[in-house]
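Visitor: One structure, as structure tokens, below. Some questions next.
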Amino acid sequence: MNDADKHSLLKRLNRLEGQVRGVARMVEEDRYCIDVLTQIRAVRAALSRVETGLLKHHLDHCIEAAITGGDSADQRQKANELIELLDRSNR
């Protein structure tokens, strides 16, 4: 991962960390359940965007390198890793 992409990813994750701390504060302060749940949904959506970005990076770089590299064992390994990841997501 290049430095710019890594910086962007870490920035998003740090923002998410702050959001999660904010949710914890809301719980400590006995805030209205719907308000807390709304913030949890926002955190989940933000985490999903990070996941999507990282998956795109994996496809654009790691998977593409395996395909263009011509190593069939590496291609199978990368494909299997992706299939296993998607399978775990469906459980």
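Visitor: Which net charge results for the neighbourhood of Glu84, defined as the other residues with beta-carbon distances under 13 angstrom from its beta-carbon, given Lys and Arg at +1 and Asp and Glu at -1?
Guide: +2
Visitor: Using a Gaussian network for the chain with springs between C-alpha atoms less than 10 Å apart, which of these wobbles most: Glu28, Glu51, Glu64?
Guide: Evaluated over the chain, the most mobile residue of the options is Glu28.
Visitor: Quick one: net charge around Leu13, please, counting Lys, Arg +1 and Asp, Glu -1 for every other residue with C-beta under 15 Å from its C-beta. Provide the component values of the computation, followed by the final result.
Guide: Numbers: positive: Lys6, Lys11, Arg12, Arg15, Arg21, Arg44, Arg49; negative: Asp5, Glu17, Glu51.
Result for the local shell: +4.
Visitor: Sticking with this one: Hey, with R₀ at 35 Å, roughly what FRET efficiency would Gln19 and Ala73 work out to, going by the Cβ-Cβ distance, to 0.05?
Guide: After rounding, the FRET efficiency stands at 0.30.
Visitor: Using Cα pairs under 8 angstrom and six or more residues apart, how large is the relative contact order of the chain, in percent?
Guide: Contact order relative to length: 23 percent.
Visitor: So how strong a dipole does the chain carry about its Cα centre when Lys and Arg Cβ are +1 and Asp and Glu Cβ are -1, to the nearest 20 debye?
Guide: Details: 15 positive and 15 negative charges, 65 e Å.
Computed about the Cα centre, the dipole is about 320 debye.
Visitor: Excluding same-chain residues fewer than 8 positions from Lys56, which aspartates and glutamates have a Cα within less than 20 Å of its Cα?
Guide: Once the sequence-local aspartates and glutamates are set aside, what remains near Lys56 is Asp3, Asp5, Glu64, Asp74, Glu81, Glu84, Asp87.
Visitor: Right, next: Please check: in the Gaussian network model of the chain (C-alpha springs, under 10 Å), which one of Arg12, Arg49, Arg25 has the largest mean-square fluctuation.
Guide: Looking only at Arg12, Arg49, Arg25, the biggest GNM fluctuation is shown by Arg25.
Visitor: Sum -39500 (n - 2.57) across every DSSP H segment of at least 4 residues in the chain, then divide by the residue count to get the 222 nm mean residue ellipticity, nearest 500.
Guide: Taking each H run of at least 4 residues, the total per residue is -28000 deg cm²/dmol.
Visitor: I would also like to ask the following. Assuming R0 = 25 Å, what is the FRET efficiency of Asp30 and Leu9, from their Cβ-Cβ distance, to the nearest 0.05? Intermediate results must be reported in sequence, preceding the final value.
Guide: Values: r = 34 Å, r/R0 = 1.36.
The computed FRET efficiency comes out at 0.15.
Visitor: Using +1 at the Cβ of each Lys and Arg and -1 at the Cβ of each Asp and Glu in the chain, identify which of Ile63, Ala46, Leu9 lies farthest towards the dipole's positive end.
Guide: Going by the Cα projections, it comes out as Ala46.
Laboratory data are not the source of any read-out in this text; all were calculated from the coordinates shown. Only a predicted model underlies this, so the values are computations on that prediction, with no experimental measurement involved. Note: ideal-geometry Cβ built from the backbone for every residue, glycine included; neighbour counts use all protein chains shown.
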